[in-house]
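Step one of this worksheet: look at the structure below.
FYI, it's all coordinate maths here, none of it is from the lab. This is a predicted model, so every value here is computed, not measured. We place every Cβ from the backbone using ideal geometry, glycine too, and count neighbours over all the protein chains shown.
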């Protein structure tokens, strides 16, 4: 029995012979093949430079409202011929950074003789608003406050430099 196992072991070890002849032949054949040339890089064409000469025309990449030299230039560019329009020189108030339809009136109170409205912004912060305050993107100004709504006058630009007034209101939110 031992001889049988020994014979099987010899046969198995003979099958594990390390011959690399076929691999060496394959490598020799591959090295003998001619090498393909590398494709040349594409030709880079120079970019054509265009130089803009304004010749007294408006610069297409500037915002005229930011470039204006003084407040009179701003008003002349943005107001209608009859002088109607919002005051673009005043500093914007906090509630003007939100669209009017995102603001909610949540209550009112009276202090002395003035009514004050409580307005909630989209972030959930409640602000105190009175007549003369501004809110909304369209230069809205509060003109009246009563127990159930805030009345606002907005200025809408027609795109041609003229402004028109538009009435708007924010109603009291009912629970």
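Rounded if a/c is under 1.5, else prolate if a/b beats b/c, else oblate: with a ≥ b ≥ c from the C-alpha gyration tensor eigenvalues square-rooted, which is region 86-145?
On the way: a/c = 2.20, a/b = 1.21, b/c = 1.82.
Since a/c reaches 1.5 but b/c is at least a/b, the shape of region 86-145 is classed as oblate.
How high is the relative contact order of region 113-153? Use alpha-carbon pairs under 8 Å, at least six apart in sequence, and give a whole percent. If you can, show how the numbers build up before the last one.
Numbers: 58 pairs, mean separation 11.7, N = 41.
Relative contact order here is 29 percent.
Find the centroid of the Cα atoms in region 131-149 and in region 26-40, then give the distance between the two in whole Å.
Answer, in whole Å: 82.
Between residue 156 and residue 20, with labels modelled 7 Å along Cα→Cβ, what's the label distance in nm to one decimal, could you check?
8.5
Return the FRET efficiency for the residue pair residue 121, residue 87: r is the Cβ-Cβ distance, R0 is 22 Å, and the value is rounded to the nearest 0.05. Present the calculation step by step, with values, prior to reporting the outcome.
Working: r = 23 Å, r/R0 = 1.03.
Once the sixth-power term is evaluated, E becomes 0.45.
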